[in-house]
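None of the figures in this text is laboratory data; all of them are computed from the coordinates on show. All figures in this text were calculated on a predicted structure; none of them were measured in a lab. Counting neighbours? That spans all protein chains shown, and the Cβs are built from the backbone with ideal geometry, glycine included.
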Amino acid sequence: MPESMSPNPAADEALSAVMSGELWSEFCDQLKATGQQILREEAPGDPLHRAEGWRYLTRLTRIALDMFVECADGDFPSFYRPSHETAKIGADNPDNYYQRAEINGAYDYRITGTRGSVAYLGFIAIAGGYEEEDGNMRSVGALDTHSGLEVDANGNIEIILSRQPHEGNWLPITENTVAVLVRQTYLDRKTERAAELKIERLHRNGAKPAPLDPVAFARQLRSTAAFVKGTATLFADWAEGFKQHPNTLPAADQEYCQKLGGDPNIYYYHGYFNLADDEALVIEADEIPDCDNWNFQLNNYWMESLEYRYVDIHVNKHTAKYRPDGGVRIVVSARDPGCDNWLDTTGHREGTMAFRWIGADRIVDPRCRVVKLSELS
């Protein structure tokens, strides 16, 4: 090899970008270019949706910085919240408490903690992410309360993450596993207790965190920008597709949902509402299958759940009021028609929506129809 040729030109380029400031310029330019997703021709162009779009990009950036910079060390992993009340992705479930920890598939890990009292607790090992060209966040292993998560007499849990089988609670991982995603699903946030969890890498042998590696940081910041772009593009594409069939709730492509990090115990429906001020969308399920939970929610165009902390924008198995025949009717409108299970569009004449069956023993497709508010009672 000639003396002038570096053994690692990619590392040399990254270090040069750090030193010159080009890395920061590149990062800012990438975020600026991602703004074109908010200006897409088919997206609503009113001030509310436009402002929500810009806020959405700031939220995605916060999530990505946690994911790729602050919590990225697989040797010293910690759980953080990749979607929550003020940072939302892809029709985030208002009943869920999401957690995620970055790991390295070359090593073994242990999760310990208390089970809590949430209705459903699920763990998924994932490979890939929205920052990659194909946008896939593939599930490579799953363990949950629906499929036999073991809890001791004191309510404690221990889970081993490894490539080799392990006795007790075992979450399989592969060499290309990058993270573990946790879904804690409430029926009633006011009365149920979340699981308290921590994660550690096994066989670390007393190692301490190393100082920040400039070359690694360049990769992390570039991944941050790529994640914001990939996520914004992916779900803007989804919303564009849903908009073609307004006020319906077709079943999603379940296999595709799994490729994007969906829970294998969940059956998903996605749709788009578009209502005049004097109209309501009525969603009905004529029977409720035996299930861990079900829910329906409203989102904005960018597929962020609407403000569920203070407004009724979703309903679930526990909070719903049922018809005498055991079915359920949900009403979506801008004004309260005085009906059970009314959901407030919070000033949005249009947006996306989602319905889920969680751990259901069979699938019952919901029906949708648009009616005048004056027809409701």
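See the values below:
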read-out: With Cα atoms, 0 to 90° folded angle of helix 47-65 axis to the chain main axis; value: 40
read-out: Rounded D (µm²/s) - the stretch 1-117, Kirkwood Rh over Cα pairs, Stokes-Einstein at 4 °C, 1.567 mPa s; value: 72
read-out: All aspartates and glutamates inside 17 Å of Lys190 as judged from Cα atoms, apart from same-chain residues fewer than 8 positions distant; value: Glu85, Asp95, Glu307, Asp312
read-out: Computed over the stretch 11-65, the ratio Rg/Rh where both radii use C-alpha atoms and Rh is Kirkwood; value: 1.15
read-out: Residues with amide H under 5 Å from that of Asp312, placed H, sequence gap 5 or more; value: Asp344
read-out: Entries of Lys88/Lys372; Lys88/Lys229; Lys243/Lys321; Lys229/Lys259 with Cα pairs more than 21 Å apart; value: Lys88/Lys372; Lys243/Lys321
read-out: Least to most buried among Glu167, Glu307 (fewest other Cβ within 10 Å first); value: Glu167, Glu307
read-out: Mean-position separation - Cα centroids, the stretch 197-221 and the stretch 13-35, in angstrom; value: 23
read-out: Rel. contact order, % - alpha carbon contacts under 8 angstrom, at least six apart, the chain; value: 19
read-out: Counting all C-alpha pairs of the stretch 73-208, share separated by more than 25 Å (%); value: 25
read-out: Exposure proxy order (Cβ contacts within 10 Å, fewest to most) of His49, His166; value: His166, His49
read-out: Potential lengthening between Val69 and Ala33 on full extension [0.36 nm per residue; Cα-Cα distance subtracted]; value: 10.8 nm
read-out: Point-charge dipole on Cβ atoms (K/R +1, D/E -1) for the chain, about Cα centre, debye to 20; value: 580
read-out: Equivalent ellipsoid, the chain (semi-axes from 5 times Cα gyration tensor eigenvalues, Å); value: 38, 28, 16
read-out: Spherically averaged projected area of the stretch 245-375 from its Cα convex hull (nm²); value: 8.0
read-out: Order of Cys28, Cys339 - criterion: other Cβ atoms within 10 Å of each residue's Cβ, fewest first; value: Cys28, Cys339
read-out: Cα Rg, Dmax, the stretch 177-245, angstrom units; value: 19.4, 57
read-out: Calculated FRET efficiency for the pair Leu234/Val151, C-beta based, R₀ 45 Å, to 0.05; value: 0.80
read-out: Computed [θ] at 222 nm, deg cm²/dmol, the chain (DSSP H ≥ 4; -39,500 (n - 2.57); rounded to nearest 500); value: -7000 deg cm²/dmol
read-out: All Cα pairs of the stretch 101-181, percent lying beyond 21 Å; value: 29
